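Each remark here refers to the structure printed beneath this line.
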Amino acid sequence: MMRIENAWTGGGDILPGIPGSLNPVEIVEMIRTPYKYIHDRFDKHGHVFRSRIIYPIVWMVGVDCNRFMMVTRRHDFSYEKGYGKLAFAKLFPKSILLLDGDEAGHARGILTPALGRLGIRDSCEKVTEIWKRRTETLDDGRSRDAYDFVLRSTFDVSANALTGVQLGDELESYRPLFEELIVGAMANTQIRVPMGKLDRGLRARNEIVRRMTPTVEEARRNEPEGMVGLLAHYKDDAGNYLPIEEVVNHLLLLFWAGYDTTASAGSWVVHLLAHHPAWQEELKEEADRVIGDRDFELGDVAELEKLSWFIREQERFAPSIFMFPRVTNEDIEYKGFHIPKDTAVMWTPYMTHRDPAAFEHPNIFDPGRWSDERGDRKAKSKNLFGFGGGPRLCLGRNFALMQLRVMITTLVRNYVIEPDPTAQWSPQALPMHHPVNSRVHFRRRH
Ligand code: HEM
């Protein structure tokens, strides 16, 4: 049995030498006031501290900790044991986030070429079409919730571009299934209770697999096209295709990994644009100058400099996910702290990005900090972890950035975004980090 589970008994001094409290009420505070929780402990204890989220955990916060976990000693921090404890593991079995070492390397070898093509070539037009259609009629006088608004389009993009579901009736028939799948992945427990979140998610998953299997079989008979085609045609070194079930597993994981994350980022973008009107004008002026009346193209990226600053600052200031799990594979010594084998460890891009050692005035949203006049941008980017880091960096980063660029350039050229003064918004850290009830008006530009 793992040592961390023995900690339930409360016997002995658990994680000695590491500051912080193992009081069971820690989890209550973390769920109720996550921002206060993490800031308070970081201010009090520094970069390494212990706490309890059901079982004892060690938080490792800051750029050095992240590099230690993701680069220098990455083999000593297990994804399998970290993510394996979550409901997610039941819905996405054998997926890349549940793999370590060579197995993870093998899965990345399968996904990287397909995602590379997806991010760079194949889908920019599709994504643009979805966003253009979505933004045609926003000036109807109603205010919209930033998160719900973005969520709907990122759903369509992920279902269509990542899993090959056709827009229209087919997508609508899949929508409730994918939604159940996502809700199931966020369930608090791996225990399957009839009609509970996990149970409904598993039923939805079985139905999606049943429906997608013939699609993958057909894709194998046709020319390789899109994500489904590329994965269906993938052959290993011995010339064998992947089993159909494995292709479907990869597609579902990509959908999960790409949909809500991009929606969170996009909802922060809409919220931040609404609250920083001067930046809207800067981005519109730049988009008009570089893109003019045509659609955004990937070749525009280098010239859309301020757009890149804005997106980077959103990633820094409000990363899509607050915290990520690992479990140690070995005893770890880090800066005088001893973290035993089989300890649950959390890393948090949110708090790392708020560490004054990583960024000046970290609690201020300031896209201009990314300009070269204010310091070497490449060096500063090394302190960003919204997409993870090291050899396991997010595989969908380029695809997500492309979608955010399409979304922002489409919105700022056509609309002025204004906060609805009657709505009180608040940030929500968990499970996905996004603004809640941030309602905005879209006023068409003439
Ligand atoms: C703004 C949007 C996104 C954000 C913020 C994001 C963030 C992340 C982060 C932080 C990780 C590392 C997790 C860890 O270290 O435990 C990750 C991994 C991953 N992401 Fe993303 N992601 C986004 C979009 C996407 C998209 C669109 C896709 C697919 C098309 C995708 C596919 C993946 C995959 C497959 C992994 C696992 C990589 C591995 O384990 O080696 N992500 N993502």
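The values are calculated or read from the model by the stated rules, or taken from the named source; none is laboratory data. Note that the coordinates shown come from a computational prediction; the quantities given were computed from them, not determined experimentally. Virtual Cβ from ideal backbone geometry, glycine too; neighbours counted across all protein chains shown. The accessibility values were calculated without ligands, DNA or RNA, using every heavy atom of the protein model including side chains. Shrake-Rupley method; radii C 1.70, N 1.55, O 1.52, S 1.80 Å.
Descriptive notes on the structure:
- Residues (within 11 Å of the ligand (Cβ to nearest atom) and open to solvent by 10 Å² or more (accessible area, probe 1.4 Å)) located in the stretch 401-413: Leu401
- Of everything in the stretch 376-386 that is over 12 Å from Asn66 (Cβ atoms) and surrounded by 12 or more Cβ atoms within 10 Å (Cβ to Cβ), the residue that is modelled with the lowest pLDDT is Arg377.
- Among the candidates Ser143, Ser123, residue that is of a type in the set (Gly, Ala, Ser), more than 13 Å from the ligand (Cβ to nearest atom), open to solvent by less than 50 Å² (accessible area, probe 1.4 Å) and more than 17 Å from the chain's Cα centre (by Cα): Ser143
- Qualifying residue in the stretch 307-329 (condition: among the polar types (S, T, N, Q) and more than 16 Å from the ligand (Cβ to nearest atom)): no
- Subset of the stretch 273-299 (residues that are without any contact (Cβ under 8 Å) to a residue 40 or more places away in the chain and surrounded by 14 or more Cβ atoms within 10 Å (Cβ to Cβ)): Glu282, Glu286, Val290
- Test: residue in the stretch 153-174 that is surrounded by fewer than 16 Cβ atoms within 10 Å (Cβ to Cβ) and within 22 Å of the chain's Cα centre (by Cα): no
- Those residues of the stretch 330-344 which are over 20 Å from Val71 (Cβ atoms) and either among the β-branched types (Val, Ile, Thr) or within 14 Å of the ligand (Cβ to nearest atom) (or both), in sequence order: Ala344
- Selection from the stretch 230-251 of residues that are hydrophobic (A, V, I, L, M, F, W, C) and surrounded by fewer than 22 Cβ atoms within 10 Å (Cβ to Cβ): Leu230, Ala238, Leu242, Ile244
- Every residue from the stretch 339-373 that is open to solvent by 20 Å² or more (accessible area, probe 1.4 Å), farther than 14 Å from Ser308 by Cβ and of a type in the set (D, E, K, R): Lys341, Asp342, Arg354, Glu360, Asp366, Glu373
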